[in-house]
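S.K.: The structure is given below, and queries will be raised subsequently.
Just so you know, all these numbers are worked out from the coordinates, no wet-lab data involved. Nothing here was measured: the structure is a model prediction, and the numbers come from that model. Note that we place each Cβ from the backbone using ideal geometry, even for glycine, and neighbour counts take in every protein chain shown.
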Amino acid sequence: MDFQALADNLGFDLEEFKELVELFVDTGTADLNSVFSAIEEKDADKATKAVHSLKGASGNLGFMEVHQIAKKMEIDARNNRLEEISEPAKLIREKLKAISDQLNG
């Protein structure tokens, strides 16, 4: 992942962008925790809100793979298909870890 190119596309210097990415990973992890909790509680509204937040943040920062996964998850959550969002949520968790590892590596 080319953080410099993403930063340039958004008009940030690299250090500013890395700070935003760190915040994204933290809030994205919290959003995913809410998603898993919502699945357990069978709360489609809670899942939809958490996934919407993750979708928006990932799109704004240029993490389009995460954005696309979250976009589909949001549709499933809105349609109360919570059983459909568990596996994609696990995939996003892996992607957030990879982003974090690269950021701190």
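S.K.: Could you work out the helix-only [θ] at 222 nm for the chain, with each DSSP H run of four or more residues adding -39,500 (n - 2.57) and the total divided by the number of residues, to the nearest 500 deg cm²/dmol?
M.R.: -28500 deg cm²/dmol
S.K.: At 25 °C and 0.890 mPa s, grab the translational diffusion coefficient of the stretch 3-104 from Stokes-Einstein with a Kirkwood Rh over Cα pairs, rounded to a whole number in µm² per second.
M.R.: Rounded to a whole number, D works out at 181 µm²/s.
S.K.: As an exercise, identify the trypsin sites (Lys or Arg not before Pro) in the stretch 4-105 lying in DSSP coil whose Cβ has no more than 16 other Cβ atoms within 10 Å.
M.R.: LYS42, ARG81
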